[in-house]
Amino acid sequence: MRKYAKATAEEVVEELMSSNSITNVQNGLPALSITSLRRVHGLNKLEPEPKDHIVIRYVEQFKDPLILLLLGSAALSIVVGQYEDALSIAAAVIIVGSVAFYQECKSEESLEALSTLVPPRCNVVRTNVLLNIMAEELVPGDIIRLHSGDRVPADARIIVCNNLTVDESSLTGETEPRDKNSDPLPDLTEDCDISSICNMVFMGTLICSGNATCIVVATALETEFGKTFKEMKDIEARRTPLQIKMDDLGKQLSIFSMGIIVCIGIIGMIRGKTFMSMFNIGVSLAVAAIPEGLPICVTVTLALGVMRMAKKNAIVKKLPAVEALGCANYICSDKTGTLTQNKMTVIAAYCPVMDDSVHLLSASGSGNAALSRTGSRSTSGGSRPLNNHGSDMLLYHNEPVDASKVPCLQMLFEA
């Protein structure tokens, strides 16, 4: 990818179109070349992972340890003839799996509807005709025309542009539009960040102003966006805190109930009871020890949370995601210029020595700051400035405190 940024626009055209003639740039690729290139590179489309069959997806709802434990107890109830218990447990399990399955299917349908609402299209020059085609039909070597408001359909090298600025926040996170030009970058290194490549446009970014004629150099998974997409697919899904606790509960119940049943069975047989009678008692105890209502309560509660999120126009694909969001105590995010101002400012520090929190009220560029204890609104009553070395004294409860002896104050001013 970087080699196209290093080369001139004429060299890139010569490599991808087998000609550096400006006439070929104006005419675009011929039909025969497009067919052969599509066979090699495929569609310009990021294919999601193939979905499992609907039956497999439904069965996967019952793979949690607690659900498997309930199914096991239902099977034992059938063996010993306790059909009512088996029926009640089976009904509870089916309710849990069906509610979760229905909610996930509903969310997936909503996501699919959103993805097909506005199919991505682009303007491309082929056989001397400007066409508006689906973005997935692009191939490397295509000449595309971009204007303000267009979404870039593939990674492309700029041939010529006019006051072109591009919003690359989807890739770099920077909200400020990036100025673009067609000049080569011969000193570009292979490990450089894409934000430093000013003569290319990348898939998924947005044209803010101006216009450009570009030549496609990469499509689908070969694009910068495609590489990120491929890395995201390789990330292993982690279980939420609630799922981990439910798994632990299922394992603990299994071990505990089996231990109690074995002990009761041994004691009963020592006292002269038959094996079959003790087996029946053990099954009854096992069924009673398992809370078949717990999975129903958890699933229904999560489903209600999903419905509340839907009213706020938020689509939740998996039920446990609601619980994972609820477990978040702090959300750390950074959008320089939007949520933050690109300034590191300490506003408070907790000092165990003082058994109180100290608030930073003001700070100057030289690093001097005035401190006061929690709740204080002014430093005029006696709090004195401290420098970065903590050599001055801080008045706390009208008593002097040596900041050099309080580690957290030293760290506060060194920061």
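The values are calculated or read from the model by the stated rules, or taken from the named source; none is laboratory data. Since this is a predicted model, take the numbers as computed values, not measurements. Positions of Cβ are backbone-derived with ideal geometry, glycine not excepted, and every protein chain shown enters the neighbour counts. The accessibility values were calculated without ligands, DNA or RNA, using every heavy atom of the protein model including side chains. Shrake-Rupley method; radii C 1.70, N 1.55, O 1.52, S 1.80 Å.
Between beta-carbons, use under 14 Å as the cut-off and find the net charge around Ala289, counting Lys and Arg +1, Asp and Glu -1. Display every interim value, and only then the final one.
Values: positive: Lys251; negative: Asp85, Glu292.
Net local charge, Ala289 excluded: -1.
Roll a 1.4 angstrom probe over the protein heavy atoms and tell me the percent of accessible area of segment 190-238 that is carbon or sulfur. Mind dumping the intermediate values first?
On the way: 1270 of 2440 Å².
The nonpolar share, carbon plus sulfur, comes to 52 percent.
Run the quick spin-label model on Ala91 and Lys273: label points 7 Å from Cα toward the beta carbon, then report their separation in nm to one decimal.
Roughly 2.9 nm, to one decimal.
Run the numbers for Asn329 and Met307: contour at 0.36 nm per residue of separation, minus the present Cα-Cα distance, in nm.
Contour length minus Cα-Cα distance gives 5.7 nm.
I need the peptides 121-128, 136-143, 325-332 ranked by packing, meaning the mean over residues of other C-beta atoms within 10 angstrom, with the highest value on top.
On the way: 121-128: 17.0, 136-143: 22.6, 325-332: 7.9.
Top of the packing list down: 136-143, 121-128, 325-332.
Report the calculated FRET efficiency for Ser209 and Glu10 (r = Cβ-Cβ distance, R0 = 35 Å), to the nearest 0.05.
Details: r = 26 Å, r/R0 = 0.74.
Efficiency, rounded to the nearest 0.05: 0.85.
Leaving out ligands, DNA and RNA, and with a 1.4 Å probe, what % of the accessible surface on segment 1-62 is carbon or sulfur?
On the way: 2240 of 4060 Å².
Answer for segment 1-62: carbon and sulfur cover 55 percent of the accessible area.
Among the lysines, select those whose C-alpha is under 24 Å from the C-alpha of Lys311, and discard any that sit fewer than 8 residues away in the same chain.
In chain and number order, the partners are Lys106.
Calculate, in nm to one decimal, what Lys317 and Glu84 gain on full extension: separation in residues at 0.36 nm each, minus their alpha carbon distance.
Numbers: separation 233, 0.36 × 233 = 83.88 nm, distance 3.49 nm.
Full extension of this stretch gives 80.4 nm more.
Can you give me the accessible area per residue for segment 1-153, using a 1.4 Å probe, in Å²?
Here the per-residue accessible area is 57 Å².
Based on the Cβ-Cβ distance from Ile296 to Arg145, what FRET efficiency comes out when R0 is 35 Å, to the nearest 0.05?
With a Förster radius of 35 Å, E is 0.05.
With a probe of 1.4 Å, find how much accessible area segment 238-302 has per residue, and write the answer as a whole number in Å².
Numbers: 4230 Å² over 65 residues.
With the other protein chains kept in place, segment 238-302 gives 65 Å² per residue.
Identify all lysines with a Cα-Cα distance to Lys6 below 28 Å; exclude those on the same chain that are fewer than 8 residues away in sequence.
Straight-line reach from Lys6, under 28 Å: Lys45, Lys180, Lys227, Lys230.
What part of the accessible area of segment 264-319, given as a whole %, is carbon or sulfur when the probe is 1.4 angstrom? Don't skip to the end; give the middle numbers.
Values: 2530 of 3680 Å².
C and S atoms contribute 69 percent here.
Can you tally the net charge around Val217? Count Lys and Arg as +1, Asp and Glu as -1, for every other residue whose Cβ sits under 15 Å from the Cβ of Val217. Numbers along the way, then the final one.
Details: positive: Arg2, Lys3, Lys6, Arg157, Lys180, Lys227; negative: Glu10, Glu11, Glu14, Glu15, Asp142, Asp155, Glu222, Glu224.
Neighbourhood net charge equals -2.
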